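Down below is the structure, laid out as structure tokens.
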Amino acid sequence: MSTATPPFAPARTRCLSKHVLWYALGLAGISVLLYTDYPLVFHPAPGDHYHAKLIRDFVYLMPHAIGGILATALGPFQFSTRFRQRHLSLHRLMGKVYIVSVCVAAPMVMIIGRGFDFPLVFMGDLQASLWLICTLLAFVTARNRQIAVHRQWMVRSYAFTLNFILSRLLNPIPAYFNISDTGLALTLALLTASYFLIPEIAFNWREITRSRA
């Protein structure tokens with residue numbers, strides 16, 4: 001009896017990996033909302049200066065939050081090949097909504113970040129700028145029908161979209177939750193580097209792992 005692997009097995013494995021990734025990110029997002037944001041907004045500690053700042057910046061925080069949530073929710077649909085093939089017009093519409101959402105959310109980061117220590121303000125501004133640039137480059141390459149390049153810039157853009165989750169994922173650890181502004185700025189710098197390095201490795205994985213004949 002033949003034990004050869006069916007030709008569709010790699011595609012099925014990739015599909016399963018994508019589902020696991022999206023479920024994991026969904027659970028991570030829920031944990032951040034429940035552990036970090038819900039207590040911060042509805043059960044702040046007495047004298048919490050960060051909570052007081054959020055109240056003052058509410059007019060900027062809301063468009064940032066709405067834009068960020070929309071961009072996060074739309075990401076999985078934008079990366080689904082099956083969805084794109086079956087609903088191309090909707091894919092393009094959702095892509096435009098994603099672009100607008102980032103264009104609204106990213107500048108708000110620069111406004112909300114005022115008042116923190118310089119290293120944290122600098123990293124917040126840098127991340128917001130790179131988030132916006134990657135997103136606009138994804139839009140331009142899509143308009144120019146450079147689909148392969150468009151997908152790469154979308155991956156980078158969405159990595160920055162997920163920064164809200166990834167930068168808060170370790171908050172249940174007290175040492176991380178109470179980290180200084182300088183320490184958080186360093187963490188953001190490392191995350192920013194990973195948003196470019198990890199996709200670049202993924203894009204070139206075949207060339208990296210394949211020996212030249």
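Please treat every number below as a calculation from the coordinates, not as lab data. Note that the structure is a prediction, hence the values are computed from the model and not measured. Virtual Cβ from ideal backbone geometry, glycine too; neighbours counted across all protein chains shown.
Legend: P(r) of region 35-125 from all alpha carbon pair distances, 10 Å bins from 0, whole percents, reading 16, 34, 28, 16, 6, 0.
Normalised by the number of residues in the chain, what is the relative contact order in percent for Cα pairs under 8 Å and 6+ residues apart? Walk me through the numbers before you get to the answer.
Details: 154 pairs, mean separation 39.6, N = 213.
RCO, the chain: 19 percent.
Semi-axes of the equivalent ellipsoid for the chain, please: Cα gyration tensor eigenvalues, times 5, square-rooted, ordered largest first, whole Å. Don't skip to the answer; put the middle values down first.
Values: eigenvalues 231, 84, 64 Å².
Its equivalent ellipsoid spans semi-axes of 34, 20, 18 Å.
Build a GNM of the chain with springs between Cα atoms under 10 Å apart, and of 161, 81, 182 the one that fluctuates most is 81. Think of each Lys and Arg Cβ as +1 and each Asp and Glu Cβ as -1; about the Cα centre, that makes the dipole of the chain roughly 1260 debye. Springs between alpha-carbon atoms under 10 Å, Gaussian network over the chain: tell me which of 124, 26, 68 tops the mean-square fluctuations. Most flexible of the set in this elastic network: 26. Comparing 85, 127, 152 in a Gaussian network model of the chain, where Cα atoms under 10 Å apart are tied by springs, the biggest mean-square fluctuation is seen for 85. Charge dipole (Cα centre; +1 on Lys/Arg Cβ, -1 on Asp/Glu Cβ; no other charges) of region 59-136 amounts to roughly 540 debye. Please determine, in degrees from 0 to 90 and to the nearest 10, the orientation of helix 147-161 with respect to the longest principal axis defined by the Cα atoms of the chain, where the helix direction is its Cα long axis. For 147-161 against the chain, the angle is about 30 degrees.
Relative to the longest principal axis of the Cα atoms of the chain, the long axis of helix 9-32 lies at roughly 10 degrees.
Loop-resident trypsin sites (Lys or Arg not before Pro) (DSSP state other than H, G, I, E or B) in region 105-204 with no more than 13 further Cβ atoms inside 10 Å of their Cβ: 114, 145.
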